[in-house]
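> Questions regarding the structure given below will be posed in turn.
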Amino acid sequence: QVQLVESGGGLVRPGGSLRLSCAVSGNIGSIYSMGWYRQAPGKQRELVAKITSGGNTNYAVSVKGRFTISRDNAKNMVYLQMNSLQPEDTAIYYCNANRGRVDDWGKGTLVTVSS
């Protein structure tokens, strides 16, 4: 099993930036990829960004060019740098670890973009 703890959410004005962090512990060697998902009120959870064990990344179209996912294997951390935030980015952001048939999730961190 893998444990994930997110941090870094908060209130930010449109155009601002935030960096989310995800602390990873447990059976780290079994992880295929790490990702960030988000769920806005009344909407389904959606993929924001993903990074594989080999370092390949992919992004949702809506965040490409604004968000950057990265990982620090030495610290067992995954980050999501979010720039040029817009009100439509408001959501609970979840850290995800994919271990093949199993997904592990953190409890989420709330990001609110509002003036």
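> Quick one: how many Å² of LEU4 are accessible to a 1.4 Å probe, rounded to 10?
LEU4 exposes around 20 Å² with every protein chain in place.
> Cβ neighbours within 10 Å, averaged per peptide: list 86-92, 32-38 in order, most packed at the top.
32-38, 86-92
> So how strong a dipole does the chain carry about its Cα centre when Lys and Arg Cβ are +1 and Asp and Glu Cβ are -1, to the nearest 20 debye?
80
> To continue, here is another question. What length, rounded to one decimal in nm, is gained on full extension from SER70 through to ALA40, with 0.36 nm per residue of separation minus their alpha-carbon distance?
8.5 nm
> Any idea what diffusion coefficient segment 23-63 gets from Stokes-Einstein, in µm²/s, Kirkwood Rh on alpha carbon pairs, 10 °C, 1.306 mPa s?
Here the translational diffusion coefficient equals 136 µm²/s.
> What is the list of residues in segment 1-20 whose amide nitrogen lies under 18 Å from a point 7 angstrom out from the Cα of SER115, following Cα to Cβ?
Answer for this model: 11-17.
> Right, next: Can you divide the C-alpha Rg of the chain by 2.2 N^0.38 Å and report the result to two decimal places?
Taking the Cα Rg and dividing by 2.2 N^0.38 Å, one obtains 1.00.
> Further, regarding this structure: Taking Cα pairs under 8 Å and at least six residues apart, what relative contact order does the chain come out at, in percent?
Relative CO of the chain lands at 38 percent.
> Related question: Under a cut-off of 17 Å between alpha-carbon atoms, report the aspartates and glutamates in cross-link reach of LYS43, not counting same-chain residues fewer than 8 places apart.
Result set, ordered by chain and number: GLU88, ASP89.
> Further question: For segment 18-79, with only Lys/Arg (+1) and Asp/Glu (-1) charged at the beta-carbon, what is the dipole magnitude about the Cα centre, in debye rounded to 20?
The calculated dipole for segment 18-79 is roughly 200 debye.
> Among 60-70, 103-113, how do they line up from the highest to the lowest mean number of other beta-carbon atoms within 10 Å?
Top of the packing list down: 103-113, 60-70.
> On full extension of the chain, what length is gained from GLU88 through TYR32, given 0.36 nm per residue of separation minus the C-alpha to C-alpha distance?
Difference between extended and current length: 17.2 nm.
The values are calculated or read from the model by the stated rules, or taken from the named source; none is laboratory data. This one's a predicted model, so the numbers in the text were calculated from it and none came from an experiment. Cβ sites come from the backbone with ideal geometry, for glycine too, and all protein chains shown count toward neighbours. Quick note on the areas: whole protein, heavy atoms, side chains included, nothing else; ligands and nucleic acids left out. Shrake-Rupley method; radii C 1.70, N 1.55, O 1.52, S 1.80 Å.
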